[in-house]
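The structure under discussion is supplied below as structure tokens; questions concerning it will follow.
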Amino acid sequence: MKQKQTFLTTLLCMLLTLNGAWAQSYYRGEAGLTPQQKKALERQAIEKVQTFQKNCELIGEKKDKGAIKTTMDLFADNNRMIQITNLNGSVSNKKVRVYLNRLSLLGYESIDIESYDCHIASKFKKSKKMNDLHPDEDWYEAIVSVMQRFHAVRGDFTYEDVVERNMTVYARKIQMYRGGGKQDTWIIQLGDITAKTVSVN
């Protein structure tokens, strides 16, 4: 009897250890994504960030009245935050919609937003936050980094800054019927955005 209890205790400890290791692996993103899926997700994430950056330019130049709505559709929800730089170089936090509305109301005669060096700053991994919020869904997350140059003119006044933005990007895996069978596909959405001022003129 004692030997049986010892065996069961040892087996239970092994299962708990394996389960803990699997959970850590799961949330590090070591499970569930093939190299091909990771590559596809990274490409789609960069495209989503580039779309956001391009929409910001359209909003700033007032070229598309519906751009704010379509831009908000890029985000996981309406509560996402973005860090913005002020004229003195400091950084403050705003809701994305507040930032976009403010951008559309700036009294500059011309605004030019140039983005470059857009790349994956952290690989996709399981999103503990989103999976906890949506336990029946399959979420991943990564960080996309992009450099943004903002140039605006109003009369004799010119403002320019260069900011490094790090954007959280979420990917939700869903299954769709295609060609008579189920296939995995992904919904890419943006999360919070941080900023670090590189230079201000």
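The values are calculated or read from the model by the stated rules, or taken from the named source; none is laboratory data. Please read these numbers as outputs of a predicted model, since none were measured by experiment. Note that each Cβ is placed from the backbone with ideal geometry, even for glycine, and that neighbours are counted across all protein chains shown.
Among what's in segment 145-166 and is of a type in the set (S, T, N, Q) and free of Cβ contacts under 8 Å to residues at least 60 places away in the same chain, pick the residue that is nearest to ARG80 (Cα to Cα).
ASN166
Which residue is nearest to ASP192 (Cα to Cα), if the candidates are limited to segment 61-87 and must be among the basic types (Lys, Arg) and at pLDDT 80 or above?
ARG80
Also, quick follow-up: Looking at SER122, SER90, SER127, SER110, which one is buried (at least 18 other Cβ atoms within 10 Å of the Cβ) and of a type in the set (Ser, Thr, Tyr)?
Result: SER127 is the single residue among SER122, SER90, SER127, SER110 that is buried (at least 18 other Cβ atoms within 10 Å of the Cβ) and of a type in the set (Ser, Thr, Tyr).
Go through the residues of segment 96-113 one by one and say whether even a single one is free of Cβ contacts under 8 Å to residues at least 12 places away in the same chain and of a type in the set (Val, Ile, Thr).
The answer is yes; a qualifying residue exists.
Those residues that are β-branched (Val, Ile, Thr) and within 17 Å of the chain's Cα centre (by Cα), I need them from segment 104-159; list them, please.
Hits for segment 104-159 are ILE120, ILE143, VAL144, VAL146.
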